[in-house]
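**Q** Structure below; questions to follow.
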Amino acid sequence: MSTSIDRGAPASGKKKPGLRGSHAVRWWALVVLGLAQLMVMLDATVVNIALPEAQRDLGFGDGSRQWVITGYALAFGSLLLLGGRLGDLLGRRTLFVIGLAGFGAASVLGGSASSFEILVAARVAQGLFAAVLAPAALSLLSVTFTEPPERAKAFGVFSALGGAGGAIGLLVGGMLTEWASWRWVMYVNVAFAVPALIGALLLLAKPVIAEKPKLDIPGILVVSAGLFAIVYGFAHVESTSWTNPVTLGSMIVGAVLLVVFVLLETKVAHPLLPLRVVLDRTRGGSFVAVFVIGMGMFSIFLFLTYYFAATLGYSPIKTGLAYLPLVTGVVATSTTMPSLVLPRVGPKVVVSVSFLVAAAGMALLTRLELDSTYATHIMPGMILLGLGIGGAMTTAFQGATSGLHHDDAGVASALINTGQQIGGSISTALLTTVATTATTDYLTSHKPSALAAAQAGVEGYTATLAWGSGFFVVGAVIAAFLIPNRALEPSEGEPVMAH
């Protein structure tokens, strides 16, 4: 079999990087990559609503419950950079297929779990395979769609799925829990994994591996341990405190290991994360924007869900439906901003203004009360949030993969997912403390009663939303100073094997 190098053919019907067959095939490949992206993002929230039923069925206590969520987060967050680099070295199609198959199998294991230990093991396995799958999907997108007009459309669709996936997960989780069983929250992943796997095998071509892969073993060990310690430390805050020795120790160790990792990457011949990936201002600013999105989105999904269920008494399905305006907003700006607005005003303006729109939406939601109505008090803020998040996310995704050599696409894509994961972990821990403090302050300053207890809960939720609004304002300022307002460059196309 002969090989050929294709750095990105024009839109005239020639084969595109990483694809088999005609020009039109790449859009079917986008469907495959989109299915994988939706599955991973959906799984970040779909389990949350089903967790109480799983707890009753398997008989585990409240103290153990968090490990169903934390086990996934630890494996996913700590192994993302390794998963992304393996895609660069061994072939993104190969890692994409492995990730899909493994994630599907882990989901079946979780759905059939007969004990708490098996369920947690399945969630850890899901996180491990997601750490391989997520960066492979985004990097395949980046090296496949290299022409600006098509790249804008493809990233718009991909970002819409990423931004809306968490909200869709709440709706799907509510429907499956209420109408079927918590086990179907796990089994549903097979409906995404199987067609995506078939599509990957049929549509994605095997890349050329020109050199023998070289792994930065010291870097892998140090950064994986560092990210694990940081995610564990912030997860530990939720069940203890910021001054707990384990919490503090984990965070300090994690921070020190990440500093050591950066120093290592300046000295090794084949770094896990080449610093050129993050030192470019466009990419660096976009990575920060992704981190801010991760922090803001978790405050939305976590605490608004509590408000809908505990204060307004929404059912799981109604809670999921309440997020539809947000999903609509995300889809609207993700699919139109890249082609209609971004080329005219530039990434600095799009990201900064989008963050300010999201901040305004979050600020509207801080006015929520015990008797707030959906159409008047909730929906306007949800729409603005969706519009802002969609615009910022699709631009940040493009910016973070702008101008990359194909050899760096995987690790850059992994860094995007790492930023979201770490941002979410920090936000969850910080805002849980904010909510608890606001609730306690209200209760201590009012006479004890059922009404006071209910209002105290609302005070906690709105305090977190105020902080979330602040996150987005800070993100707008950082984007304005850090991201240059120049056109985003496409990534380099990937060498592929001729068929």
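The values are calculated or read from the model by the stated rules, or taken from the named source; none is laboratory data. Computed from a prediction, not measured in an experiment: that's the story for all the values here. Ideal geometry is used to build each Cβ from the backbone, glycine not excepted, and the neighbour counts take in all protein chains shown. For accessibility, only protein heavy atoms count, side chains too; no ligands or nucleic acids. Shrake-Rupley method; radii C 1.70, N 1.55, O 1.52, S 1.80 Å.
**Q** List pairs: first residue in the stretch 146-170 and over 13 Å from residue 35 (Cα atoms), second residue open to solvent by less than 30 Å² (accessible area, probe 1.4 Å) and of a type in the set (Gly, Ala, Ser) anywhere in the structure, Cβ distance under 6 angstrom, at least six positions apart or on different chains.
**A** 146/493; 156/334; 163/390; 170/320
**Q** Sticking with this one: Please count how many residues of the stretch 445-485 are open to solvent by 70 Å² or more (accessible area, probe 1.4 Å) and either of a type in the set (Lys, Arg) or outside any loop (DSSP other than H, G, I, E, B) (or both). Full working, then the answer.
**A** The initial filter retains those residues of the stretch 445-485 that are open to solvent by 70 Å² or more (accessible area, probe 1.4 Å), namely 445-448, 450-451, 467, 474, 477, 481, 485.
Still in the running and either of a type in the set (Lys, Arg) or outside any loop (DSSP other than H, G, I, E, B) (or both): 447, 450-451, 467, 474, 477, 481.
Residues meeting the conditions: 7.
**Q** Select from the stretch 43-66 the residues that are open to solvent by 60 Å² or more (accessible area, probe 1.4 Å) and charged (D, E, K, R) and list them in ascending order.
**A** 56, 57, 62, 65
**Q** Could you count how many residues in the stretch 96-114 are open to solvent by less than 30 Å² (accessible area, probe 1.4 Å) and not in a helix (DSSP H, G or I)?
**A** So the count comes out to 1.
**Q** Right, next: Considering only residues that are of a type in the set (D, E, K, R) and in contact (Cβ under 8 Å) with a residue 60 or more places away in the chain, look in the stretch 400-451 and name the one that is nearest to residue 84 (Cα to Cα).
**A** For the stretch 400-451, the residue satisfying everything is 408.
**Q** Moving on. Answer yes if at least one residue in the stretch 131-150 is of a type in the set (Phe, Trp, Tyr) and within 15 Å of residue 94 (Cα to Cα), and no otherwise. First the steps, then the outcome.
**A** Within the stretch 131-150, the first condition is being of a type in the set (Phe, Trp, Tyr), and the residues that meet it are 145.
In the following step, the residues that additionally are within 15 Å of residue 94 (Cα to Cα) were identified as none.
No, the stretch 131-150 contains no residue that is of a type in the set (Phe, Trp, Tyr) and within 15 Å of residue 94 (Cα to Cα).
**Q** Continuing with this model, one more query. Please state which one of 246, 278, 260, 290 is open to solvent by 40 Å² or more (accessible area, probe 1.4 Å), within 25 Å of residue 489 (Cβ to Cβ) and either of a type in the set (A, V, I, L, M) or at pLDDT below 90 (or both).
**A** Answer to the check: 278.
**Q** Consider only pairs whose beta carbons are under 7 Å apart and that are at least six residues apart or on different chains; among these, list those whose first residue lies in the stretch 114-126 and is in contact (Cβ under 8 Å) with a residue 24 or more places away in the chain and whose second residue is not in a helix (DSSP H, G or I).
**A** Between residues of the stretch 114-126 that are in contact (Cβ under 8 Å) with a residue 24 or more places away in the chain and residues that are not in a helix (DSSP H, G or I), the close pairs are 116/60; 119/113; 122/113.
**Q** Inside the stretch 396-425, can you point out the residues that are open to solvent by 40 Å² or more (accessible area, probe 1.4 Å) and assigned to a helix (DSSP H, G or I)?
**A** 407 - this is the single residue of the stretch 396-425 that is open to solvent by 40 Å² or more (accessible area, probe 1.4 Å) and assigned to a helix (DSSP H, G or I).
Let's see how each residue does on (1) out of contact with any Asp or Glu (no Cβ under 9 Å at 6 or more places or on another chain); (2) surrounded by fewer than 24 Cβ atoms within 10 Å (Cβ to Cβ); (3) not in a helix (DSSP H, G or I):
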position: 143; (1), (2), (3): no, no, no
position: 150; (1), (2), (3): yes, yes, no
position: 168; (1), (2), (3): yes, yes, no
position: 175; (1), (2), (3): yes, yes, no
position: 191; (1), (2), (3): yes, yes, no
position: 215; (1), (2), (3): yes, yes, yes
position: 224; (1), (2), (3): yes, yes, no
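**Q** Right, next: I need the full set of residues from the stretch 309-323 which are hydrophobic (A, V, I, L, M, F, W, C) and either out of contact with any Ser or Thr (no Cβ under 8 Å at 6 or more places or on another chain) or free of Cβ contacts under 8 Å to residues at least 12 places away in the same chain (or both), in order please.
**A** Across the stretch 309-323, the qualifying residues are 309, 310, 317, 321, 322.
**Q** Given 120, 40, 132, which one is under 28 Å from residue 198 (Cβ atoms), open to solvent by 10 Å² or more (accessible area, probe 1.4 Å) and modelled with pLDDT of 85 or more?
**A** 132
**Q** Residues that are modelled with pLDDT under 90, in contact with a helix residue (DSSP H, G or I) (Cβ under 9 Å, 6 or more places away or on another chain), within 30 Å of residue 387 (Cβ to Cβ) and among the small types (Gly, Ala, Ser): does the stretch 170-191 have at least one?
**A** Yes, there is a match, as at least one residue in the stretch 170-191 is modelled with pLDDT under 90, in contact with a helix residue (DSSP H, G or I) (Cβ under 9 Å, 6 or more places away or on another chain), within 30 Å of residue 387 (Cβ to Cβ) and among the small types (Gly, Ala, Ser).
**Q** Residue 355 passes all but one of (1) open to solvent by 20 Å² or more (accessible area, probe 1.4 Å); (2) under 24 Å from residue 400 (Cα atoms); (3) among the hydrophobic types (A, V, I, L, M, F, W, C); (4) at pLDDT 95 or above; which number fails?
**A** Failing condition for residue 355: (1).
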